[in-house]
Structure formats: structure tokens, C-alpha cells
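The block underneath contains the structure these notes are about, expressed in C-alpha cells.
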There are 2 protein chains.
Amino acid sequence: MSQTVDRALSILPLLAEGPADLGQVADRLGVHKSTALRLLRTLHEHGLVYRQSDQRYRLGARLFALAQEAMENLDVREIAHPHLVRVNEDCGHTVHLAVYEENEVLYIDKVESRYPVRMYSRIGKPVAITVAAVAKLLLADLPEHERRAVAEKLDFPMYTSRSTPNAGAFLRELEKVREQGWATDLGGHEESVNCVAAPIRGADGRVVAAMSVSAPNVVVTADELLTLLPLVRRTADAISGEYSGRTPLKGTA
Amino acid sequence: MSQTVDRALSILPLLAEGPADLGQVADRLGVHKSTALRLLRTLHEHGLVYRQSDQRYRLGARLFALAQEAMENLDVREIAHPHLVRVNEDCGHTVHLAVYEENEVLYIDKVESRYPVRMYSRIGKPVAITVAAVAKLLLADLPEHERRAVAEKLDFPMYTSRSTPNAGAFLRELEKVREQGWATDLGGHEESVNCVAAPIRGADGRVVAAMSVSAPNVVVTADELLTLLPLVRRTADAISGEYSGRTPLKGTA
DNA sequence: ACGAAGGTTGCAGAAATTGCAACACAGCAG
DNA sequence: CTGCTGTGTTGCAATTTCTGCAACCTTCGT
């Protein structure tokens, strides 16, 4: 909608790949060097871009600060965190908290497994939306037409033989998840990693986040992991209660 | 330098304070509503801004992802991390890694204390630059005129009675730190928290980062913490060696 | 010392952005 | 039910702003 801003912002993901010099930025943007320079200058003034000693540009410090603040504004996270920690203390496995936003599901909090074999994941990184248990819960709560729209647009990569293969299967899975109120991912993303998840709901009953417990087969079997389902659901409900119970700053029905 | 981009980027810190609606954004930017709308749209398309269900805008998810990627590109962090973990395993205290950038010092990595009483800090958040041990190390390495320039511009808040009171004292402290090659913060930020730190140097000998071990008085006395100095320095040197390429990279822990 | 590579600036033309005014839509009061 | 107020949204013409160019400057390597 705004070309200049659009170009400027396109620089950010570009730099996220690694530092680049003026020429490279200009090339990849398809603009003249002087234009790229001025955009970079503006980004620099706002601290989003940093010029390192070899004169190349990379992402700047303010980005961290902004991301941090963005996080703190998600009050689900604040509320949920102690609960997640407690679950981790109980079972020792990796605990995740995720939200849906703009066709993506992302982890916004994580408590690391206390077992030596850990699954890999990163806060802030988009989740494998077609297979992750938390993603199923978050998408299952969307109104039906939206669910369909999202499902149609997705790719369905076959991470493993048990990955969700296509939109049809995905929608059926969502329907099931929606009815039962919890979800699993049994080796759908990584062959040997299983996962159980439960939804966190706001005052209006809408799902605002989802939490999950994940563990590799070498630590516990899928069946053993499923025995944690009551704990996970209880915790999710507790968080829901707190989240919808008190309203810290802004109040709306 | 670029008005449009400048305006657009000004929206980000504004939203960091909390969600805002179109009118508020337009007002605070001093532009017409339609202009603000278009800027927000562009930000939205890049995922930097999210429109929540009540139609207000807040910072978006991509910001997390960008910040994460920015971090991973700091290769000091990659290299240092296993070392930090090892130090934490040895002594149990909070271990930090920090860099200097654009008049700020910020933590880029952290390993949490294994003691129940922990100090508060956040990755990405600017450090109390006048008192933190890591900040002293990073600033002490700047060329003299730059050090002076920075010191003059700083505020010197008295967090505690032992905080650095003014630019003069600060510069003297930096000189000392520079000579001895390590730094401490003994209750200068929080009355009961002490800290020892050592510099990490690149191939050219310049300080590129600093690491520290922090612990509250209730866990160990300042004297006891100081006995960890050799460990900290040894670790920092090991990281320096790997970072500058002198040490062939060995497998991560 | 020279040439090359990359970065920087001034300027005129071109294109994008702006603010306006009108429109849509919701909630609310009468 | 109807008109009102407070939003957010779109089309348009004027004008501001941005762009690309070409020349200039600096640094580095040979």
C-alpha cells in the first residue's frame, strides 16, 4: 500500500538472513543504491538496523527491545508461565505455549525439558501448522468458513508418514479436535516426537492460546504421554480461568 | 531521511506501549487518519503489526521471528552459549552474555541460576550501563575520546549507594577495568546482587562481548563470588579463542 | 601512485503520498 | 424505527516526497 515503507520493511527479513552491504541490499530490493542508502539510514535512525564496523548492515538492537515489549503485551503469556513451569516440574517434559495470528501459529513461551533428549523449537518461530497439536486447537476454533479458507491456502508437507496429507484430512482432524477439546501430534512432525495439547480460552469461550507437552519416544511412549492429558487439560483450564477472570488494564465484554 | 518510512517506523514504539486504535495512532503521528491507516496497512502486510479482534492495533508476530533471527546471526552468541552453560553447571549462578551497540549494552544470552533466588534480567533489554560489570568492560574498550563522549551523555542514576555517581568516577573505573582485564559490580545496581565479568575478544583484540556471573548475597558473598573470577576469565578466553578462529571449533557440548 | 570498489550528495523529473470529502457501518438515544 | 455520533475506509487531484542519475569522495588493494 505504501511503496516506500514496503521497500524499507523488506530490508528487515533480508538482513535477518545475515549482514549485507549497501550494494547487496540495493540489488535485492531492485532499487538504486542511493535509494537503498536512504532507506537504510531511516531504519538506522530508528535502531532497527545497525551498521557494523565493516560497514555492513545487520538487524539492530531496538528490534529485540520491541519484540520484548510486544511479548509483554501478551498477557496470556504472563499468566500462563507459572503454570507451564509447574507442569514441567511435574512431568519433566518440554512445555509450549502458542498463539494463532495471521495464518501462522507461533510459540510464545517454552519451558525446556529436564530430560537430556530435547526437542528443538524456538520461541517466535512459526510452528508446523498442519501437524502441531497446538496449531490444530487454534485453527479448530476459527469459524468454519475461515478454517476452510486457511486450509485451502496451506501447504501440506509430509514431514513424516503420519503428517496430515491434505486439506480434507486436515479439516476432518480439526473437526475432531474441536469436538473433543484437546489435540495430539503423534509423530506427525518428527517421527519420534509426540505431543498432547489443550486450549486456553478467554472470557467469551474463544480459544486464545494453546499449551502442549512434548516428548520424544525414547523418553516416553505415546501412550505414556497420553496419560498426561488430564494434567494438561486441567492446567489449560486453570490458565483459562485466570485469564478470563481478572482483566488487568483494558476491559471489554 | 525518508519521511514516510520515518512515520511508519514511529508507529512501532508507539504500539509497544500498548494497543491503540487508528485515531490514536494518527493523532500521535500528527497525520491524517487515512495516512495512518495506509501506514498501518503496510506494517500489517509485513506482519509487524497485528490487528486484534477489537480492531485495535498492536505489535505483530513477525517481530519475534525477526528478533530471533537477528540473535542467531550474532555468532558470538552461538559460540559462547555452550561455554555459558558449562559455567552455569559448575557454579549454578546466572550467567550473562552482553554486547555493546549504539550507546547501549544489551544482554544477548542468559543461563538462569539454578538457585531458587534469581536475579531479574531480560535478554534484549538494555543493561544499566553505568554500573553493570559487562557494560564497564565493553565501554572500557572503546577509544578514549569515544569513551569520554559516551560518558558525558550518560545519566548516572543512583540505583544504590554504591552506584557509579558521575562521569568522572565512571571514566576512572573504566580505566581500571581496562588495565586489569576484568570487572565487577558489587551491589551497584541492586543492593544485594554482585557480579564478576570478563571480556571476549575478536581476532584483532577488540572486545566484542562480555560475559558475567551474577549472584545475590543471600546465595554467596561477594568474596565467594570473586573466587569464580579465574573460571570466568578462563571461559571468556576460551570463547575468544574460538571466536577469533585460533581454536579449531570442536563439537558443541 | 593509481585504479577500482563502494559509499555519499545535489538535483530535476517522476511518481508516490497526502489530506480532503464523501461513504459505509456500528452503536446508541430519542 | 430513525437519526445521530464515532469509527474506519475509499477515490481523487494536488503536491509533496522519493527516485535515479551522474559526479564526487573515500578507502583499499596492487
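Things to note:
- Failed item in (1) aliphatic (A, V, I, L, M); (2) open to solvent by 10 Å² or more (accessible area, probe 1.4 Å); (3) within 30 Å of A:LEU14 (Cβ to Cβ), with A:VAL85 passing the rest: (3)
- Out of B:VAL213, B:VAL208, B:VAL177, sole residue that is touching a Lys or Arg at 6+ places or on another chain (Cβ under 7 Å), touching a residue at least 24 places away in the same chain (Cβ under 8 Å) and assigned to a strand (DSSP E or B): B:VAL208
- Criterion: open to solvent by less than 30 Å² (accessible area, probe 1.4 Å), at the interface with chain A (Cβ under 8 Å from one of its Cβ atoms), without any contact (Cβ under 8 Å) to a residue 12 or more places away in the chain and under 22 Å from A:ALA67 (Cβ atoms) - qualifying residue of B:ALA61, B:ALA70: B:ALA70
- Hits in region B:41-50 (condition: open to solvent by less than 60 Å² (accessible area, probe 1.4 Å) and at the interface with another protein chain (Cβ under 9 Å from one of its Cβ atoms)): B:THR42, B:LEU43, B:HIS44, B:HIS46, B:GLY47, B:LEU48, B:TYR50
- Any chance B:GLU101 is open to solvent by 20 Å² or more (accessible area, probe 1.4 Å) and more than 16 Å from DNA strand C (Cβ to nearest atom): no
- The single residue among B:PRO116, B:PRO126 that is modelled with pLDDT under 85 and within 12 Å of chain A (Cβ to nearest Cβ) turns out to be B:PRO126.
- Scanning region B:135-163 for residues that are in a loop (DSSP other than H, G, I, E, B) and surrounded by fewer than 14 Cβ atoms within 10 Å (Cβ to Cβ) yields B:PRO143, B:ASP155, B:PRO157, B:MET158, B:SER161.
- Residue check, B:VAL127 in contact (Cβ under 8 Å) with a residue 40 or more places away in the chain and closer than 26 Å to B:ARG147 by Cβ: no
Residue by residue, here is whether (1) within 12 Å of B:SER2 (Cα to Cα); (2) within 15 Å of DNA strand D (Cβ to nearest atom) holds:
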| residue | (1), (2) |
| --- | --- |
| A:SER2 | no, yes |
| A:VAL5 | yes, yes |
| A:LEU9 | no, yes |
| A:GLU17 | no, no |
| A:GLY23 | no, yes |
| A:HIS32 | no, yes |
| A:LEU48 | no, no |
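- Hey, A:ILE79 within 11 Å of chain B (Cβ to nearest Cβ), crowded, with 16+ Cβ neighbours inside 10 Å and under 30 Å from A:ALA183 (Cβ atoms) or not: no
- Unique residue being at the interface with another protein chain (Cβ under 9 Å from one of its Cβ atoms), among the hydroxyl-bearing types (Ser, Thr, Tyr) and within 16 Å of DNA strand C (Cβ to nearest atom) when the list is B:SER53, B:SER34: B:SER53
- Contact annotation: residue pairs with Cβ atoms under 6 Å, 6 or more positions apart or on different chains, pairing a residue in region A:100-111 that is touching a residue at least 40 places away in the same chain (Cβ under 8 Å) with a partner that is charged (D, E, K, R), are A:ILE108/A:ARG77.
- Boolean, B:VAL49 is in the same structural domain as B:VAL219 (by TED's automatic domain parsing) and touching a helix residue (DSSP H, G or I) at 6+ places or on another chain (Cβ under 6 Å): no
- Complete set of residues in region A:68-90 that are within 29 Å of A:VAL193 (Cα to Cα) and touching a helix residue (DSSP H, G or I) at 6+ places or on another chain (Cβ under 7 Å): A:MET71, A:VAL76, A:ARG77, A:ILE79, A:ALA80, A:HIS83, A:VAL87, A:ASP90
- B:GLY23 being crowded, with 19+ Cβ neighbours inside 10 Å, of a type in the set (Gly, Ala, Ser) and out of contact with any Cys (no Cβ under 9 Å at 6 or more places or on another chain): no
- Number of positions in region A:53-68 that are outside any helix (DSSP H, G or I) and modelled with pLDDT under 80: 3
- From the options B:ARG7, B:ARG28, residue that is away from DNA strand C (no atom under 11 Å from the Cβ), in contact (Cβ under 8 Å) with a residue 12 or more places away in the chain and either part of a loop (DSSP other than H, G, I, E, B) or open to solvent by 40 Å² or more (accessible area, probe 1.4 Å) (or both): B:ARG28
The values are calculated or read from the model by the stated rules, or taken from the named source; none is laboratory data. A quick note: this is a predicted structure, and the numbers were derived from the prediction, not measured. Cβ: placed from backbone, ideal geometry, glycine included. Neighbour counts: every protein chain shown. Side chains are part of the model used for accessible areas, which takes the heavy atoms of the whole protein and leaves out ligands, DNA and RNA. Shrake-Rupley method; radii C 1.70, N 1.55, O 1.52, S 1.80 Å.
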